[in-house]
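Nothing in this text is a laboratory measurement; each read-out follows from the coordinates by a stated rule. Bear in mind that the values here come from a model prediction, so they are computed numbers and not experimental data. Here Cβ is always computed from backbone atoms with ideal geometry, including for glycine, and neighbour counts include all displayed protein chains.
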Amino acid sequence: MKRIERNGDLIALIIDTAADFKPGVHFISDPTWPLQIGLLAHRGGHSIPAHRHFERQNSGKTMTQEFLLVVSGEMEVDFYDADGSLFRSETLLPGQALLQIRGGHGFRFPASSQVLELKIGPYLGLDQDKQLIAQTVAKS
């Protein structure tokens, strides 16, 4: 797992589905984050008993986090800190995922790509969901 940090702040995690799993259940997200990410690796024949989850009161958290899994193609990611300064770029390949924790990002797709995105909704439209950042390309 690759940690993307800026000035001591954890901005994002890049997860490699081919390398980052170990036997059992391991949550990689901080319990205070609104989006919880677990890596589950079980041997054949394992089962998890049928269950449902309790409803919870909204925690009032306002941080929007995103999880993006590259299914095919590739996704170039530019990372921006809280001040909107571009500080790093990474390329994700199929089987790699991004958990954006804070800060900003921009994406480029050099080839036809499929990406699965997960974030807390609802999407309220560009003007209520996003603040655009001037775009430049970082040097890794």
Tensor-based shape of the range 1-82 (alpha-carbon gyration tensor, a/c under 1.5 rounded, otherwise prolate or oblate): oblate
Taking neighbour Cβ counts within 10 Å as the exposure measure, how do Ile120, Ile133 sort from fewest upward? Ile120, Ile133
A correct Karplus calculation of ³J(HN,Hα) over the range 17-28, with 6.51 cos²θ - 1.76 cosθ + 1.60, θ = phi - 60°, whole Hz and x for Gly and Pro, returns 5, 7, 10, 8, 7, 9, x, x, 10, 9, 7, 9
Using only Cα atoms, figure out Rg for the chain and give it as a multiple of 2.2 N^0.38 Å. 1.14
Spatially close lysines, pair count over the chain: Cα under 25 Å, gap of eight or more or interchain: 8
Under the Karplus relation with 6.51, -1.76 and 1.60 and θ = phi - 60°, whole-Hz ³J(HN,Hα) for the range 108-118, x at Gly and Pro, equal 10, 10, x, 9, 3, 9, 10, 9, 8, 10, 9
